[in-house]
Structure formats: structure tokens, C-alpha cells
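Encoded as C-alpha cells, the structure appears first; notes follow it.
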Amino acid sequence: MAEKKDSPATGRFVVQEHAAKTHHYDFRLELDGVLKSWAVPKGVSTKPGERRLAVQVEDHACDYIDFEGEIEEGAYGAGRVTIWDRGEYELVDRKDYKLVFNLFGGKLRGSFVLVHTKEKLWIIMKMKKETG
């Protein structure tokens, strides 16, 4: 299990469970002054090597990291939003096509990777070995 190092974390992360028209999870990393965001239909897996689809969506303002509540009917993303997990993360590697990071959350702990496949489609998975 990844232990938080003495060096400061890169930023915060949150996973919001979103009971919208289509139930999904929103994975968000605080990066470049915004929350970089991906909709993850089946949620982020805690099982190493298990790949999950992550669809990149628009960036959100950083203050959205604490949002829980109801998005009104008729508004974009209407439905209930609850925080499934949150914590800090450490960015290990960043390229245009890949982000590698260590998560220090309540449920998600360890090394993860987001790999860009095409257009807005990415794959997120927990790595088998710790990085850093």
C-alpha cells in the first residue's frame, strides 16, 4: 500500500458518485489550477491491472472538489452527487498520453495510471507495482 511521503503532495483528488441519467463516477485531479475530470462508468477499480474506461469531460473549478448535493432536473448532469472517496495524490509522470500518480485516499490507495487511447477516451487502472 502506498504511504504518503514526507514531500508535499501534488494536489487533491476526489471521486464523486453521480446518480445522473446514467449512473457513473467522476474522477477528478487538481492539476493546472483546475479539476481535470473523467467520467468512469464502472468506477475506479481497486484491483491491480483491472482496466476501466474513463471519458474525459470538461475541467471543473477547484472548489467543486467538495460538492455533494442535487443537481436540479433540467440542468446539465441532473441528479444526486455524493463523494465516494477523496484525498491527496502525488504525480509521478506526466505526458500528453499518460498520467501516473499515487493516490492517498480513504478507499483508493496506491499507484494508478490514466492512459489516453483516442479522442476523449482514456483507460484508468491501479498498477501492480508501486511507483515513485
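The values are calculated or read from the model by the stated rules, or taken from the named source; none is laboratory data. Since we're looking at a predicted model, the values are computed, not measured. Reconstructed Cβ throughout: ideal geometry from the backbone, glycine too, with neighbour counts over all protein chains shown.
Residues of region 64-80 include none that is touching an Asp or Glu at 6+ places or on another chain (Cβ under 6 Å) and closer than 22 Å to residue 123 by Cβ.
So, in region 38-75, of the ones that are closer than 27 Å to residue 118 by Cα and among the small types (Gly, Ala, Ser), which residue ends up farthest from the chain's Cα centre (by Cα)? In this case the residue turns out to be 49. Scanning region 76-103 for residues that are under 14 Å from the mean Cα position of the chain (by Cα) and farther than 15 Å from residue 28 by Cβ gives 90, 98, 100, 102. Consider region 36-85 and keep the residues that are in contact (Cβ under 8 Å) with a residue 24 or more places away in the chain, assigned to a strand (DSSP E or B) and among the basic types (Lys, Arg). The one that is surrounded by the fewest Cβ atoms within 10 Å (Cβ to Cβ) is 80.
Restricting attention to region 96-132, the residues that are modelled with pLDDT of 95 or more and either of a type in the set (S, T, N, Q) or assigned to a loop (DSSP other than H, G, I, E, B) (or both) add up to 10.
Return yes when residue 15 is touching a Phe, Trp or Tyr at 6+ places or on another chain (Cβ under 7 Å) and either surrounded by fewer than 13 Cβ atoms within 10 Å (Cβ to Cβ) or farther than 22 Å from residue 126 by Cα (or both) and no when it is not. Taking the combined requirement at face value, the residue does not satisfy it.
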